[in-house]
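Worksheet: the structure to be examined is printed underneath.
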Amino acid sequence: MKKISAARIAILIAAPLFCATHAYAADKSDQSLLKRAVDEAIRPVMEENGIPGMAVAVTAQGKRYVFNYGLASKESGQKVTDETLFEIGSISKTFTATLASYAELRGTLSLSDKASKYLPALAGSSFDKISLLDLGTYTAGGLPLQFPDSVADQESMVAYYKAWRPSYAAGTHRVYSNPSIGLFGYLAAKSMGEPFDDLMEKMLFPGLGLTSTYIRVPEERMQDYAHGHTKDGKPVRVTPGVLGSEAYGVKTTAADLIRFVEANMDAAGFDVDLKRAIAATHTGYFKVGEMNQGLGWEMYAYPTELETLLAGNSTQVSQKPNKVTRLDPPLAPQENMLINKTGSTRGFGAYAAFVPAKNIGIVILANKTYPIPARVKAAYHILKALDDELASAGAR
């Protein structure tokens, strides 16, 4: 299969994200009402969890709103602004999935291929029987949440994978895993003939119209990079690790991340392959309870009850093995779904959710990790308020 340079791909997909420029808020009364709803959901979360700063971005029917709260750094007293960069943890996996999906559509890989095809050093290992799709959906057979401490570089990474033995047959159990989707992204980049970080920063992010999204924060933007905070309030930022870029390495602003959400709801104006790649990440391959596992994204039939959403984002699903039901054929992308992803690093907590059929979405970024149920509840109530208001407006 052909390899494509990052520069060539950038030319192919560098199309405007929107047909027209969106203002953050076109109507002050709309913004005032929405701000009240966001305040009511977010301020108690900040107080209860001791969160120094948060940024919330909402998109509704083509209008974008960003609300900033508190401090980007307790040490300097710098406030959160529209330019503040947050770590988004595992929401990064949705970007990795988009890159891999794009690679498939450009013909450099197939999700049905075995992983060892793209890393010959794994020939003769368990990865002769594990597909790229298995890696991208955490169904490879029980890869752990994190690498052991002994994995510190590419050589020890390859040695780890060669020695690893699955606990389950591929495609039978979902075990949420950074080494699983990390390898998925690593192999996707190898198939394209470019380093993963370069493909993201020189091709995918610019192609998506994202101007403040990075794997490696440049020196001139370091003043905008929020300090994360540990549970005891100490400043911290993510430590680079093996396949960290692929699994949890993205830093971005609320405004940029909501643009990515908007692209996932309406990719009009993109290169046709990128548009199809984004949509393909919403394909459902396996089912765990009421949750459909896509590539990076996790999806629920809409309308969705809060209890269902909390169950799908629980520790039972994220930290334990779960038997899966394979969707055969895979569930084609659906508009009437609530699509979401959480993300955490040691000092940051993030959440993104959207409903394509309603054209509404939200991202919540915080510079302290805090319980996932609190994120889900806050976002759910804001999205429900948006949906109710849209329904009411449509009835008038």
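The values are calculated or read from the model by the stated rules, or taken from the named source; none is laboratory data. Quick caveat, the model's predicted, so the values are computed rather than measured. Cβ sites come from the backbone with ideal geometry, for glycine too, and all protein chains shown count toward neighbours. Just the protein is used for accessible areas: all its heavy atoms, side chains included, with ligands, DNA and RNA removed. Shrake-Rupley method; radii C 1.70, N 1.55, O 1.52, S 1.80 Å.
Quick notes on this one:
- Scanning the stretch 371-391 turns up one or more residues that are open to solvent by less than 40 Å² (accessible area, probe 1.4 Å), modelled with pLDDT under 95 and either over 18 Å from the mean Cα position of the chain (by Cα) or on the phi > 0 side of the Ramachandran plot (or both).
- Once the stretch 117-155 is narrowed to residues that are without any contact (Cβ under 8 Å) to a residue 24 or more places away in the chain and under 14 Å from Pro179 (Cβ atoms), the residue that is most open to solvent (accessible area, probe 1.4 Å) is Asp149.
- Output for the stretch 259-289, where each listed residue is among the charged types (D, E, K, R) and in contact with a helix residue (DSSP H, G or I) (Cβ under 8 Å, 6 or more places away or on another chain): Asp271, Asp273, Arg276
- Scanning the stretch 333-350 for residues that are part of a strand (DSSP E or B), in contact with a Gly (Cβ under 7 Å, 6 or more places away or on another chain) and more than 20 Å from Leu133 (Cα to Cα) returns Gly343, Ser344, Ala350.
- In the stretch 256-294, the residues that are in contact with a Ser or Thr (Cβ under 6 Å, 6 or more places away or on another chain) and among the hydroxyl-bearing types (Ser, Thr, Tyr): Thr281, Tyr285
- The single condition among (1) polar (S, T, N, Q); (2) in a helix (DSSP H, G or I); (3) open to solvent by 20 Å² or more (accessible area, probe 1.4 Å) that Ser191 does not satisfy is (3).
- Pairs, first free of Cβ contacts under 8 Å to residues at least 24 places away in the same chain in the stretch 222-248, second among the small types (Gly, Ala, Ser), C-beta under 8 Å, six or more apart: Pro240/Gly249
- Looking across the stretch 290-312, just one residue is in a loop (DSSP other than H, G, I, E, B), closer than 20 Å to Pro371 by Cα and in contact with a helix residue (DSSP H, G or I) (Cβ under 6 Å, 6 or more places away or on another chain), and that is Trp297.
- The stretch 312-336 residues that are touching a residue at least 40 places away in the same chain (Cβ under 8 Å), paired with ones that are open to solvent by 80 Å² or more (accessible area, probe 1.4 Å) (beta carbon under 9 Å, 6 or more apart): Pro321/Ser167; Asn322/Gln316
- Residues of the stretch 313-323 include none that is open to solvent by less than 10 Å² (accessible area, probe 1.4 Å), outside any loop (DSSP other than H, G, I, E, B) and modelled with pLDDT of 95 or more.
- Criterion (surrounded by fewer than 15 Cβ atoms within 10 Å (Cβ to Cβ) and touching a Phe, Trp or Tyr at 6+ places or on another chain (Cβ under 6 Å)) met by exactly one of Leu338, Leu306: Leu306
Each row is one residue, and each column tells you yes or no for (1) modelled with pLDDT of 95 or more; (2) open to solvent by 10 Å² or more (accessible area, probe 1.4 Å); (3) over 30 Å from Phe127 (Cα atoms).
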position	(1), (2), (3)
Asp30	no, yes, yes
Val38	yes, no, yes
Glu48	yes, yes, yes
Met54	yes, no, yes
Ser92	yes, no, no
Ala97	yes, no, no
Glu104	yes, yes, no
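- Every test in (1) over 19 Å from the mean Cα position of the chain (by Cα); (2) in a loop (DSSP other than H, G, I, E, B) is passed by Pro330 save one, and that test is (2).
- Annotation: Glu219 fulfils all but one of (1) open to solvent by less than 40 Å² (accessible area, probe 1.4 Å); (2) modelled with pLDDT of 95 or more; the unmet one is (1).
- Filter result for Tyr161 (open to solvent by less than 10 Å² (accessible area, probe 1.4 Å) and either within 20 Å of the chain's Cα centre (by Cα) or modelled with pLDDT of 95 or more (or both)): yes
- Filter result (of a type in the set (Gly, Ala, Ser), in contact with a helix residue (DSSP H, G or I) (Cβ under 7 Å, 6 or more places away or on another chain) and outside any helix (DSSP H, G or I)) within the stretch 36-94: Ala55, Ala57, Ala60, Gly70
- If the condition is being touching a helix residue (DSSP H, G or I) at 6+ places or on another chain (Cβ under 7 Å), farther than 15 Å from Leu365 by Cβ and in a loop (DSSP other than H, G, I, E, B), then the stretch 212-248 contributes Ile215, Arg216, Val242, Leu243.
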